[in-house]
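I have placed the structure first, in the form of structure tokens, so that the comments after it can refer back to it.
The values are calculated or read from the model by the stated rules, or taken from the named source; none is laboratory data. Just so you know, these numbers come straight off a predicted model, no measurement behind them. Cβ placement follows ideal geometry from the backbone for every residue including glycine, while neighbour counts extend to all protein chains displayed. Side chains included, ligands, DNA and RNA excluded: accessible areas come from the protein's heavy atoms. Shrake-Rupley method; radii C 1.70, N 1.55, O 1.52, S 1.80 Å.
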Amino acid sequence: MGVLEIGFLYLGAALLLLFSGMPIAFALGGTALAFMYFFMPANNLENIAETLYSELNNFTLLTIPLFILMGAAIGKTHAAADLYEAAHRWLYKLPGSLGVANVFGCSVFAAMCGSSPATCAAIGSMGIPEMRKRGYSEELATGLIAAGGTLGILIPPSLTLIIYGIITEQSIGKLFIAGVIPGILLALLFAVWVMYAATREVAAARAGKAASELLQAEFFTWRQRMETLPRLLPFAVLIAVVMIALYDGWGTPSEVAGVGAAGSLLLVVFIYGVWRWRDMKEILLGTARESCMIMMIIAMAFLFTYVMSYLHITQTMAQWLVGLGLSKWVYLFWVNILLLVLGCFLPPVAIILMVTPVIMPGILAAGFDPIWFGIVLTINMEMGLITPPVGLNLFVINGIAPDIMFRQIMRGVMPFIWIMGFYIVLLAMFPEIVMWLPEKVK
């Protein structure tokens with residue numbers, strides 16, 4: 001059996017286990033152990049612990065639990081509710097103001113949290129019932145929250161970008177900075193679509209074809225708007241400090257993550273009074289559970305890629321892809337199609353850890369910047385999170401609003417999938433959208 005055949009068998013076995021519903025870490029680790037047993041010398045099995053330790057003994061990995069702690073501290077308090085209310089009061093004059101406020105709330109919460117499902121759940125649990133009460137269609141209400149939640153893996157701090165940076169040995173600080181402008185622009189595109197869709201629904205309401213609640217006017221005084229700032233501004237300052245520290249190189253990503261985590265804990269203690277052990281226990285246990293899950297996946301993925309490298313699967317597949325003689329844009333197109341298809345079935349972490357070692361040699365050979373491609377890959381992962389049949393955010397929304405039919409949720413996210421597809425084309429045409437800030441980083 002040739003190396004290429006072993007490689008397809010190896011990846012096929014891993015995908016089969018993943019699609020069976022087995023936890024990601026066990027699927028990757030189990031496949032790696034089986035192929036080590038049958039295709040590698042026995043002494044490699046004896047060195048598994050040493051191999052895993054050498055790979056995990058990386059100070060940069062500390063970034064992951066610290067940013068998770070930062071997000072957990074904010075997500076377990078009323079910070080999301082205050083953020084949502086502030087956005088609503090300041091944006092109420094815009095068409096579809098409540099929907100735009102939800103997009104804005106998702107964007108800012110994503111910058112504090114770094115997790116798409118968490119962003120989706122935190123903002124959606126408040127935003128969806130409120131939008132339905134105000135007459136927004138169920139498709140628009142669920143679709144914009146599902147799509148807005150995906151901004152959690154693009155706007156820094158992003159766990160997806162951290163893992164991509166570790167796997168590809170790219171600067172996490174530059175990846176974070178690269179995600180700022182694309183994340184803001186994508187949020188603006190979402191907001192523009194929401195305003196357009198809401199305007200259509202208001203017109204239908206005036207014609208008597210939609211809920212009349214959309215025609216009810218709202219008004220907030222300057223005093224009511226200013227009341228939201230004392231709780232909102234400290235978190236905005238914390239985000240700014242984290243981003244400036246990364247941008248100016250004040251510390252390593254792990255050190256900056258430590259500052260962000262400590263700052264979040266202090267803010268929830270002093271602003272929300274979250275200092276009792278029962279409150280802190282929920283934050284710390286949630287952080288420990290999610291961190292252990294992700295670190296276990298990373299450890300098994302390292303073992304998975306070690307076997308691929310030892311058996312020359314990665315090198316052979318990379319040579320095969322390059323040897324197809326595809327132009328750089330055709331190669332990028334098929335890579336994006338592959339990522340989108342896998343995103344329909346697998347979570348972003350699994351895709352990055354499994355696929356990146358295979359496709360990156362071709363990406364680099366085609367002359368694409370790895371920082372730029374990291375942002376494009378992340379947007380692909382965003383699309384996967386809301387693409388049927390297994391988009392994770394779709395199930396989060398279904399859990400928040402179980403009375404809304406799943407096909408309505410899927411109809412609601414389709415415009416946002418098209419927007420993200422268009423956005424990838426836009427970034428390919430104008431890569432400076434991504435690269436302008438990273439090129440200025442010291």
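Considered as a group, the residues in segment 142-176 that are more than 21 Å from PRO357 (Cβ to Cβ) and over 15 Å from the mean Cα position of the chain (by Cα) include one that is surrounded by the most Cβ atoms within 10 Å (Cβ to Cβ), and that residue is LEU144. Just the residues that are in a helix (DSSP H, G or I), farther than 17 Å from ILE397 by Cβ and of a type in the set (Val, Ile, Thr), please, taken from segment 140-198. Listed by number, the residues that qualify are THR160, ILE162, ILE163, ILE166, ILE167, THR168, ILE172, ILE177, VAL180, ILE181, ILE184, VAL192. Quick one: what pairs do we get from segment 78-98, first residue touching a residue at least 12 places away in the same chain (Cβ under 8 Å), second outside any helix (DSSP H, G or I) and of a type in the set (Phe, Trp, Tyr), C-beta under 9 Å, 6+ apart or different chains? So the pair list comes out as HIS88/PHE220; ARG89/PHE220; TRP90/PHE220; TYR92/PHE219; TYR92/PHE220; GLY96/TYR136; LEU98/TYR92; LEU98/TYR136.
A single member of THR60, THR31, THR51 is open to solvent by 30 Å² or more (accessible area, probe 1.4 Å) and β-branched (Val, Ile, Thr), and it is THR60.
One line per residue, one yes/no per condition, for (1) touching a Phe, Trp or Tyr at 6+ places or on another chain (Cβ under 7 Å); (2) outside any helix (DSSP H, G or I); (3) open to solvent by less than 20 Å² (accessible area, probe 1.4 Å); (4) not hydroxyl-bearing (Ser, Thr, Tyr):
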{"site": "LEU266", "(1), (2), (3), (4)": "no, no, no, yes"}
{"site": "MET296", "(1), (2), (3), (4)": "no, no, no, yes"}
{"site": "ALA301", "(1), (2), (3), (4)": "no, no, yes, yes"}
{"site": "PHE304", "(1), (2), (3), (4)": "no, no, yes, yes"}
{"site": "PHE333", "(1), (2), (3), (4)": "no, no, no, yes"}
{"site": "LEU340", "(1), (2), (3), (4)": "no, no, no, yes"}
{"site": "LEU346", "(1), (2), (3), (4)": "no, yes, yes, yes"}
{"site": "VAL349", "(1), (2), (3), (4)": "no, no, no, yes"}
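Among the residues examined, TRP329 does not qualify as among the aromatic types (Phe, Trp, Tyr) and under 21 Å from the mean Cα position of the chain (by Cα).
For beta carbons closer than 6 Å, sequence separation of 6+ or different chains, a first residue in segment 277-288 that is closer than 11 Å to LEU69 by Cβ and of a type outside the set (A, V, I, L, M) and a second that is part of a helix (DSSP H, G or I) and open to solvent by less than 30 Å² (accessible area, probe 1.4 Å), the qualifying pairs are GLY286/ALA72; THR287/ILE68; THR287/LEU69; THR287/ALA72.
Of all residues in segment 407-442, those that are at pLDDT 80 or above, open to solvent by 10 Å² or more (accessible area, probe 1.4 Å) and assigned to a helix (DSSP H, G or I) total 19.
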